[in-house]
Structure formats: structure tokens, C-alpha cells
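The values are calculated or read from the model by the stated rules, or taken from the named source; none is laboratory data. Remember, it's a predicted structure, so these values are computed and weren't measured experimentally. Counting neighbours? That spans all protein chains shown, and the Cβs are built from the backbone with ideal geometry, glycine included. When the accessible area is computed, the model is the full protein with side chains, heavy atoms only, and any ligands, DNA or RNA have been set aside. Shrake-Rupley method; radii C 1.70, N 1.55, O 1.52, S 1.80 Å.
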Amino acid sequence: MKNKRNLFIIISLLVVIIVIIARLHMYSCKIACSKPPCRISSGEDITFFVSADPHYFAKELNNCKEAFNNYITTSDGKLLAYSEELIDAFLRDVKKNEPDVLIICGDLTNNGEKESHENLAKKLDYVQNSGTSVFVIPGNHDVKNPWACKFEHKKKKKTNNIRDKDFSKIYGSFGYDEAISRDENSLSYLAAPSDDIWLLMLDTNQYHDNMIRNSPQADGIINPNTIKWIKKCSQKAKKENVQLMAVMHHSLLDHNPVKNEGYTLNNSKEVINLFQDCDIELVLTGHIHFQDIKLYENDKKQIYDIATSSLSVYPHTYGILKYSPNSGYEYSTSWIDMEGYAKENNIHNENIQNFKEYSRSYFIDRSYFKFYEEFYDIKEYKDREMDLMSKTLADLNSIYYEGKGEIDIEKIKSSEGFKLLESIGIDSLKKYAESIFDTNGIDSNNLKIPKK
């Protein structure tokens, strides 16, 4: 009887120990899965948040509002004055919606400031620790940028930039450290967030001569050695029966017939053929700052290039890409919820509380002055003519950047500003306006790619 009781006690203790070990194992797995490589199992749905060109500028680098304000009056519409709030509000959206993966398609910082990179990495670490895997690549502004600056004592001053080795170290937790493969000739790498989909994260930038040029080189290319590496990645993916999706900063396809030089890859035709051979049908890009989707297809296959608009520029949207093994891909966009961010953080800044209205007005103003300067440089126009044409183009530009394809062409063409543009305007701006009209009725905010 005593032996039976002892045996019962021993068995009970063993059961308790097994339960404790099991719970500890579950807990450790949960902690481990807060960072890559915690892959999503084959057959499961996956949600990607896709962002581009946040151009984050650390608040610590701006200790002089006067010098900074002079700087941003010459900007191309980036809302650098609210850079901190924009990135924090966006990452709040990420945490709130809990996507599986967050992708950032380059130009992470304003001009590659070391402090901006380090601050952004800390913010991304906070997101990744909450359960969303983060993957980044550099843009043409991020590495070896001689324009890295800060503002203090009423002056704009140079500040530290970073090298390519620094980039992969600072953002090691966001793709580089856990990569399946890394390219030796660039900051490209292969990531595996899912057993069904691998991400071909491609560095398309040309930053090695930036310091000699004293400016960041804007155009992009995939060099021959990286192309060889991509082919090896493709062979590995096909062997594992995994689908490849490409992510890069520069465009694969021309998103605008007038504005494509420096935006589309210099060797895009070669890369299109390469991607078709690799069975890549979807490419996520940035750089152009406006929302646009283009399709390339021939007898072989089709490739979609989704250019997600800049987080720092109106309309401040990001992409939501959902993949289902049963139905395929579905892409949509969402505005950053700045108003919700302001309310949650008790922010009483009127511009942030009414952000959509403020941002659109700011973007139209910046566009207006940009177009006005182009007319002014010709020195043949009257003030009223430049004013009317610039207003028309600025309004049209804001509609174009939204990518909705909802353009009232008759109303615009009947305006006095457009009639002046047609009769006496600059040819390149006429062609730009016509290219916008060509997108009428085409919604670049939504796309479905059915499972084949």
C-alpha cells in the first residue's frame, strides 16, 4: 500500500514537472516568435503592410526652427516638420492592426543622417518585438549621403552619414541577420517570412561615388553580380517550391511616361526578363512618391509593379497586401490615422488634428511653387498666367498622387488655367498633364491577383 502511494506521488510529480516544462517551452516559443525567423507555416494566410519613403528626420537634429523652415520651403512636398509624428502614427497603425510582416521599400531617412537611422531602428525594434516581422532595404537617400544635415544656431550644418556596412548593422534585426542568403555585392538579401513566400529584398542604389559627386545618385540599377545571385535565389526557391516576391526602391516599370528617368531601373528590360525566368509576378517599389500600379505582360508571363506612395508626402498612405494560398494576392491602401494618433496622445496641434485637410493644402502649395518656378525660369509669362497655370497643375497633381483615377477631365480642361497651359504652356508640363488624364478611371489603390 505504501509503495503504491509513493508511486502515485512520483507519477503526480512527474506530471507537474512535464506541465511546467511544456508551459516554459510554449512561453519561450512565444518570445522567440516575436522576432524572425518565426515563419508562417505553409498553407496559412499572410498579411503584409507595405510602406515606402518615410524620409524620417530625427527631431534631435532640428534645434533651430528658423533655419529648418527655410530648408523645407524648397522641399518637394515632404512634410518633414511632422516627420516624428508621421512615423509614430504609422507604427501605431501597424501595432494596432498586427500584420504578419512590415516592409519598407527604401528612403528610410531624409538624407541618410546616422541619428535618424539609429532612432528609426529603435522604433522598428519596438514594433517587431510586438510580433510583426520587419524587413527593410535602403533607398538612394540612405547610404553615403553627403547631404546629411542638422539645424542649430540658425544654421544648416553637416552631420554624420552612414556607410553600407553601417546600414546592415543598424538594421540587422530587420532582415539582414536572419537572411537565408545575402548578396556579397550589395545590400540585397533573401528573407523567409513564410514557408510559401520568400522576399527578394533588392538594393538597387548606386551610392559608392556619392561622396565624390557630393550628391546622392538618384538612378538605380541591379548590377551583374547581383543578377547572378538572384538566379541562385530563384533556383533555391523553386527547389523548395516557394514563391518569390521582389522588393526594391526603384521602379521596375515606367509609372509615368514623362517622369521615369532616374525612377525606373536603368536595366529594367534585363530585370523584367530575369524576373519572368524566376517566376516573380509581384514587385513592391517606392521612390516615385505617388500611388501607382503598372502591369507588364507578354506571351511568357505577367508582372505587377506596385509603387506605394511615400509616407512623408500627401496622401500619406501605405499598402496592405494579403496573400491566401487559396485565392492569391489582394492589395489595398490605407491613410495613416493621424487624427486617431493625435486623440490618443492628447495632441492639440490643429494641423495634426485635421491632418488630411492640412496635408493636402500643404502639398498643393508646394506643387504650386514648384510649377510656378518652372514657368518663371522661362521668363516669358505674365504673373497672372503663371498663377493660373500653376494652380491648375497643382490641383491636378494632388489628385494624381492619390492614385484613385477619379479625375473630372471636362472641368479641368474648361478652366482658364488649363486653356492657358494648352496654348502657351511648357511642352513638358502639357505632356505631364496629359499623362495624368490617361490614368482617369484606373484605381491604383486596389488590386487582385488570382491564384493560378
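The helices (runs of 4 or more DSSP H) found entirely in region 293-387 that carry 2 or more residues being in contact with a helix residue (DSSP H, G or I) (Cβ under 8 Å, 6 or more places away or on another chain) and aliphatic (A, V, I, L, M) are 338-344.
Of the helices (runs of 4 or more DSSP H) entirely within region 1-104, those holding at least 2 residues that are out of contact with any Cys (no Cβ under 8 Å at 6 or more places or on another chain) and modelled with pLDDT of 80 or more occupy 65-72, 83-97.
In the set Ser423, Ser444, Ser435, only one residue is farther than 13 Å from Phe371 by Cβ and in a loop (DSSP other than H, G, I, E, B); that residue is Ser444.
Selection of region 152-185 for residues being in contact with a helix residue (DSSP H, G or I) (Cβ under 7 Å, 6 or more places away or on another chain), crowded, with 21+ Cβ neighbours inside 10 Å and under 23 Å from Ile221 (Cβ atoms) yields Asn161, Ile162, Tyr171, Asp183.
Does Phe135 satisfy the criteria of being touching a strand residue (DSSP E or B) at 6+ places or on another chain (Cβ under 7 Å) and part of a strand (DSSP E or B)?
Values: touching a strand residue (DSSP E or B) at 6+ places or on another chain (Cβ under 7 Å): yes; part of a strand (DSSP E or B): yes.
Criteria met by Phe135.
Note on region 398-430: residues that are exposed (fewer than 15 other Cβ atoms within 10 Å of the Cβ) and in contact (Cβ under 8 Å) with a residue 60 or more places away in the chain total 1. Residues that are open to solvent by less than 30 Å² (accessible area, probe 1.4 Å) and either in contact with a Phe, Trp or Tyr (Cβ under 8 Å, 6 or more places away or on another chain) or not small (Gly, Ala, Ser) (or both) within region 326-340 comprise Tyr329, Tyr331, Ile336, Met338, listed in sequence order.
Pick out the one residue from Asp387, Asp443, Asp395 that is open to solvent by 20 Å² or more (accessible area, probe 1.4 Å) and more than 20 Å from Tyr314 (Cα to Cα). Write out each step before concluding.
Working: Asp443 fails: more than 20 Å from Tyr314 (Cα to Cα); Asp395 fails: more than 20 Å from Tyr314 (Cα to Cα).
Among Asp387, Asp443, Asp395, only Asp387 is open to solvent by 20 Å² or more (accessible area, probe 1.4 Å) and more than 20 Å from Tyr314 (Cα to Cα).
Summed over region 272-324, the residues that are touching a Pro at 6+ places or on another chain (Cβ under 8 Å) and surrounded by 21 or more Cβ atoms within 10 Å (Cβ to Cβ) give a count of 5.
Check Glu344, Glu350 and return the single one that is open to solvent by 10 Å² or more (accessible area, probe 1.4 Å), without any contact (Cβ under 8 Å) to a residue 24 or more places away in the chain, over 22 Å from Val50 (Cβ atoms) and among the charged types (D, E, K, R). Answer to the selection: Glu350.
Inspection of region 303-315 identifies at least one residue that is out of contact with any Leu (no Cβ under 9 Å at 6 or more places or on another chain) and farther than 19 Å from Leu102 by Cα. Contact map, region 122-144: residues that are in contact (Cβ under 8 Å) with a residue 12 or more places away in the chain and under 22 Å from Leu284 (Cα atoms) paired with residues that are among the charged types (D, E, K, R) and assigned to a helix (DSSP H, G or I), Cβ distance under 6 Å, separation 6+ or inter-chain. Pairs shown: Val143/Asp164. Please indicate, with yes or no, whether at least one residue in region 207-221 is within 20 Å of Ile303 (Cβ to Cβ) and in a loop (DSSP other than H, G, I, E, B). The answer is yes, given that some residue of region 207-221 is within 20 Å of Ile303 (Cβ to Cβ) and in a loop (DSSP other than H, G, I, E, B). Figure legend. Inter-residue proximity from region 55-74: first residues open to solvent by 20 Å² or more (accessible area, probe 1.4 Å), second residues of a type outside the set (Ser, Thr, Tyr) and at pLDDT below 85, beta-carbon distance below 7 Å, spacing 6+ or different chains. Indicated pairs: Glu66/Lys154.
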